[in-house]
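Shown next, in C-alpha cells, is the structure this report addresses.
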Amino acid sequence: MKFLPLPCLSQNRILVLVITMILTLPLQAQELFSRKEVLEDLDYLYESLQAAHYNAFAYTPKAEFDSVYTSIKNTIQKDSMNLLEITNAFQPLTSAINNGHTAIEFPIPLYVKYAYAGGKVFPLELAFENGRALVRKNWSGNESITTDSELISINGVPVDTLLSKIYPHISAERPYFKKAKLELLTFPRYYWQVFGEQAEFAVEIRANGSEKIYNLKAIKALDDYEMKRVDIITGSRELNYFGETAYLKPGNFSGDEAAYRKFIDSSFVAVKEKKSRNLVLDFRNNAGGDDSFSDYLVSYIADKPFKWYGDFSLKTSKFLKEHVRKERDTTNAFWRSALKHENGEIYDYDFEAHMPQPREKRFEGKVYVLINRQTHSQSAVAAAQIQDYGFATLAGEETGDYPSLYASIYSYTLPNTGIPVNVSKGRIIRVNGSTKEEGVVPDIPVRDHLLDEEDEILMHLLQEIR
C-alpha cells in the first residue's frame, strides 16, 4: 500500500525543481489571489479534510478543529495574498488534525525560488534531544560555536517560543515527531518560512556550563547552505561487512522497484557467499514508501508467511473517487474497491500474505534492524512488522511515526490556489494489534546523538554481538 515518502531537498532535487519551475513558468503567472479566492479555498480545505480523512477527529476534538478554522478565517483580511502567505495561513488547519500523513507540506518550490533569487537563511542547523535544541551543523563561519552547543534564543526570543510558532506548520501526532520533521526539513528552512528573511541574528548559546551571545549574519540559502550540506535522508543503498556481520542499508522503499529488487537479490547472494553469521538491516533515516519494497526485503529473513499489517481499512469519499478516476488504474482491485463503496463508508481491505523466499535464498542467521526517530512511514511499519513476527531484534531509538497509524495517503489540490493537500484515507494496525500511541520501540535502546557522522547505534550493536 502506498505511503508517499517524505519530501527532502537534496542538491539533485533542487536542480530538478528549478528546471521544472523554468519549464512551467508561463503556467504560474498568478502570483496573488484575491481574498474571495483564498476564503473559498479555506472552506474547501475545511470540508474536504473532514470528508476525505479516515477519521479527522481521532486525536483532535471537532470543536478544536472548528476553532482553528474560525481563527484562520478571521485573519484573512487582506485584499490579496501570495502563495507563501496562503500556505502559512492554511497549514495550521491540516496540522490541527495531528496526523503526520495529512498535511500541506513545506513549500519546497517557493523555497527553491527564494534560494535561487539570492535569499538568505539562518546559519545553524539543529537537532532536538532531551528538551534541548543542539547545534548539529554550523554554517556561520564562527568556529566559536561548536556542535553539541545548546541554542537558547534568537534575537532575544526563547527557542521554545520559536518552536511554538513553527509547530502549527508541521503535521505530526506529537511534539517528538514534529521535532523529527523539523530536523529533517531543517530549522533554517522553517525559520525562513515562518519568520521571513532576516539579515542578522543575535544567538544565545550555552556551552561548557556558560552562556554567550554571538552576532551572526544570514547566509545565502543556495551557495552557503544547500550546496554545502547533505540531507539527513539521502535514499542511498549500501552493503558492507564488519567481521562476521553483514550490514545492509536498503534505502527508501520507493523509486525504481526493479532496480531495488535487483540490489536486494544481489546483496543476499553476496551475504550467503560470505557466510555471515549476523545481518544488520538499517532502516534509519528512511523516508518510507511502498510496502511492496519492504515486503520483498522481509521475504529474505522471514520463516513463515507474513503481512505488513494486522488490520487495514479504508474510507472512501467523493475526493478519493475523483483521484482514482483521474490518477489510478480503475481495473486494479484495490482502487476499484474505493469506487464500489458509498461516500463516507469505511471498509476492510485485505491483501494476500507474502511468502518467504525459498530456504536456500534466505538468510538464516541472527538479524538486527536499526531504527531511529527518522525512521518514517512504511519503514516504521516494516520495523514493527519484523519485530512483531520475531524476525529480528530492533536496536536504536523510538521512531517518530506510529506503527499503528492513519496513512495510505493520496493528494488533491485546492481549486483556486492549486496548493496540494495530502490526506490519510486508511488506518493501519500493526501486526500485534497494539494501537498504543507510541513509535516503534527498540529492543536494544541506543540514542542517535545529533544524527551526525558518528554512528553510536551501529557501533553499540556491533560491540554487543561480537
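What is the gain in length, in nm to one decimal, between Asn55 and Tyr176 on full extension, counting 0.36 nm per residue of separation less the C-alpha to C-alpha distance? Spell out each step's value before the answer.
Details: separation 121, 0.36 × 121 = 43.56 nm, distance 2.17 nm.
Full extension of this stretch gives 41.4 nm more.
Taking 0.36 nm per intervening residue step and subtracting the Cα-Cα distance, what contour gain separates Thr413 from Phe334 on full extension? Display every interim value, and only then the final one.
Values: separation 79, 0.36 × 79 = 28.44 nm, distance 2.26 nm.
Once the chain is fully extended between Thr413 and Phe334, it gains 26.2 nm.
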Subject >> Karplus 3J(HN,Hα) series, Hz, for region 126-132 with 6.51 cos²θ - 1.76 cosθ + 1.60 (x for Gly, Pro) >> reply: 10, 10, 10, 9, 6, x, 10
**OP:** Report Rg (one decimal) and Dmax (nearest whole number) for region 120-226, counting Cα atoms only, units Å.
**Re:** 12.9, 37
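Take the Cα gyration tensor of region 238-465, multiply each eigenvalue by 5, square-root it, and list the three semi-axes largest first, rounded to whole angstrom.
Details: eigenvalues 223, 77, 53 Å².
Result for region 238-465: semi-axes of 33, 20, 16 Å.
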**OP:** Rank the residues Ile72, Ile166 as a footprinting-exposure proxy: fewest other Cβ atoms within 10 Å of their Cβ go first.
**Re:** Ile166, Ile72
Original post:
Where in region 169-196 is the amide nitrogen less than 18 Å from a point lying 7 Å along the Cα-to-Cβ axis of Val157?
Top reply: 169-170, 179, 182-183, 186-196
Subject >> Spin-label pair Ala270/Asp66, simplified geometry with 7 Å Cα→Cβ offset, distance in nm >> reply: 5.9
Original post:
Which whole-number percent gives the relative contact order of the chain, counting Cα pairs below 8 Å spaced six or more residues apart?
Top reply: 18
Original post:
For semi-axes √(5λ) of the Cα gyration tensor in Å, which listed value, (1) 55, 22, 19; (2) 38, 28, 20; (3) 35, 31, 20, comes from the coordinates shown?
Top reply: (3)
Original post:
Sorted from fewest to most neighbouring beta carbons within 10 Å, what does the list Arg229, Arg136, Arg284 look like?
Top reply: Arg229, Arg136, Arg284
**OP:** Can you find, among Phe319, Leu110, Tyr389, the residue farthest towards the positive end of the dipole of the chain? Put +1 on the C-beta of Lys and Arg, -1 on that of Asp and Glu.
**Re:** Phe319
**OP:** Starting from the amide H of Asn285, placed 1.01 Å from N in the peptide plane, find each other amide H under 5 Å away whose residue is 5 or more places distant or on another chain.
**Re:** Asn372, Gln374, Thr375
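Per residue and in Å³, how big is the convex hull formed by the alpha-carbon atoms of region 246-369? List each step's numbers first, then the result.
Values: hull volume 15.8 nm³, N = 124.
Per-residue hull volume (Cα only) is 127 Å³.
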Subject >> Net dipole in debye of the chain [+1 Lys, Arg Cβ; -1 Asp, Glu Cβ; about Cα centre; nearest 20] >> reply: 600
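Highest first, please rank the peptides 91-101, 120-130 by the mean number of other Cβ atoms sitting within 10 Å of their residues.
Details: 91-101: 23.8, 120-130: 21.8.
Sorting 91-101, 120-130 by mean packing, highest first, produces 91-101, 120-130.
Bear in mind these aren't lab numbers, they're just calculated from the coordinates by the rules spelled out. This is a predicted model, so every value here is computed, not measured. Heads up, the Cβs are rebuilt from the backbone with ideal geometry, glycines too, and the neighbour counts pull from every protein chain shown.
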